[in-house]
Amino acid sequence: MRRQQAERAARQAASWIEWLGRLGYAAKGLVYGLVGLLALQVALGRGGALTDPRSALPVLLQAPFGRALLAVVALGLAGHALWRFVQALLDTEARGRRLKGLLIRAGYAGVGVLYLGLALAAVRLSAGAGGTSGTDVPDLTARLMRQPLGRYLVLAVGLVVVGVGLYQIAKGWRRRFRRELRLAQMSAREQRLAERSGLVGLLAHGLALGLVGLFLIVAAWRADPGEARGLGATLATLAQQPFGPWLLGAMALGLLAYACFTIVEARYRRMIVA
C-alpha cells in the first residue's frame, strides 16, 4: 500500500513538474519575443529599446493586466528553472556521469539559477518592489572581479558562455533539437515550423550568447568590468557597426524565431521527469 501511495505521489509530482516546465518554455518564448520585437523596431527606425530578458520585464507591466501577466510569467520562469534543475539532478536525458555529460548537466543547473533569478525579478516587479536595478552585466562582473581570483572567475564564466553558444549553434545547424520534440504528434506544417524556427532561432541565440561570452573574456583580459556586455548592450554594439541596422534586424528576426521555437517546445518537447 505504501509503495502504491509513493508511486502515485511520484506520478502526481512529475505531472506538476512537467506542467510548470511547459509553462516555463511559453514564458521564455514571450520574454524573448519581446526582446526581439523591440530590437526589430530599433532596426527599422521606429523607436523601441534594446533590452535583455531581465530589462524587458518592466515592459510587460505596460500591457493590459500587466501585473497579473507578469505574475504568470514569473511562475513560468520559476517552472523553467525547476525543470532545468530536474534535468541536472535526475539526468532526464541520460547524459551520464562522464565529463561531457556532467558538464552538460552543470550547464542545465546554471541555466536554472539564471531563470530562478529572472523569476524573482519578475515577482518583485509584479509586487511593485522593483527588481532590475543593479543587476546589469558590468555591475555583476565588477562584483565578481572583487573576489579572490576574480579575473579568472570572469574568464571562466566567459568561456562557459561561449561554449554554450557554440553548443546552441551546433544543435541548431545539425537539427539535433528534433530529438527533443514529439514529432509523431505534430502535423507536417508544425514540423516545418519547428524545423525552421529551431534552425534560425538556435543559430541566432547561440551567436548572441557567444558575443556576450567574448565581451566577458575581453573584460577579464583587460581587468575592466565596463567591457562586459549583456544581451541588450551586445545588440547595441551590433547596431553601431557598418550596416548596423541590417545586422540588428537579422539578429532581431533570429531572436523572434528563437521565441517561436521555445513556444513550440512548450507544446511538443519531450519531458520525462521520472
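The values are calculated or read from the model by the stated rules, or taken from the named source; none is laboratory data. All of these numbers come straight from a predicted model, not from anything done at the bench. Here Cβ is always computed from backbone atoms with ideal geometry, including for glycine, and neighbour counts include all displayed protein chains. Protein only, heavy atoms only, side chains kept; ligands, DNA and RNA dropped before computing areas. Shrake-Rupley method; radii C 1.70, N 1.55, O 1.52, S 1.80 Å.
Checked across the range 22-45, the condition of being at pLDDT 85 or above and not in a helix (DSSP H, G or I) holds for at least one residue. Does the range 251-259 contain at least one residue that is open to solvent by 80 Å² or more (accessible area, probe 1.4 Å), in contact (Cβ under 8 Å) with a residue 24 or more places away in the chain, under 24 Å from residue 196 (Cβ atoms) and assigned to a loop (DSSP other than H, G, I, E, B)? Scanning the range 251-259, I find no residue that is open to solvent by 80 Å² or more (accessible area, probe 1.4 Å), in contact (Cβ under 8 Å) with a residue 24 or more places away in the chain, under 24 Å from residue 196 (Cβ atoms) and assigned to a loop (DSSP other than H, G, I, E, B), so the answer is no.
From the list 193, 209, the lone residue that is in contact (Cβ under 8 Å) with a residue 24 or more places away in the chain, surrounded by 15 or more Cβ atoms within 10 Å (Cβ to Cβ) and within 15 Å of the chain's Cα centre (by Cα) is 209. Just one of the listed residues (270, 174, 229) is open to solvent by 30 Å² or more (accessible area, probe 1.4 Å) and touching a strand residue (DSSP E or B) at 6+ places or on another chain (Cβ under 8 Å), namely 270. Among the residues of the range 172-200, those that are part of a helix (DSSP H, G or I), of a type in the set (S, T, N, Q) and farther than 16 Å from residue 36 by Cα comprise 185, 191. Among the numbered conditions (1) open to solvent by 30 Å² or more (accessible area, probe 1.4 Å); (2) on the phi > 0 side of the Ramachandran plot, the only one that residue 140 does not meet is (2). Would it be correct to say that residue 203 is part of a helix (DSSP H, G or I) and at pLDDT 95 or above? Yes. Residues that are touching a helix residue (DSSP H, G or I) at 6+ places or on another chain (Cβ under 8 Å) and of a type in the set (D, E, K, R) are absent from the range 112-129. Return yes or no: is residue 88 small (Gly, Ala, Ser), part of a helix (DSSP H, G or I), more than 17 Å from residue 122 (Cβ to Cβ) and in contact (Cβ under 8 Å) with a residue 24 or more places away in the chain? So residue 88 passes the test. Can you tell me which condition residue 238 does not meet? The list is (1) within 19 Å of the chain's Cα centre (by Cα); (2) surrounded by 22 or more Cβ atoms within 10 Å (Cβ to Cβ), and all the others hold. If we test residue 238 against (1) within 19 Å of the chain's Cα centre (by Cα); (2) surrounded by 22 or more Cβ atoms within 10 Å (Cβ to Cβ), just (1) comes out false. Within the range 21-34, the presence of a residue that is farther than 18 Å from residue 250 by Cα and free of Cβ contacts under 8 Å to residues at least 12 places away in the same chain is excluded.
Checked against (1) assigned to a helix (DSSP H, G or I); (2) open to solvent by 30 Å² or more (accessible area, probe 1.4 Å), residue 121 meets all criteria but (2). Considered as a group, the residues in the range 25-73 that are of a type in the set (Phe, Trp, Tyr) and in contact with a helix residue (DSSP H, G or I) (Cβ under 6 Å, 6 or more places away or on another chain) include one that is surrounded by the fewest Cβ atoms within 10 Å (Cβ to Cβ), and that residue is 25.
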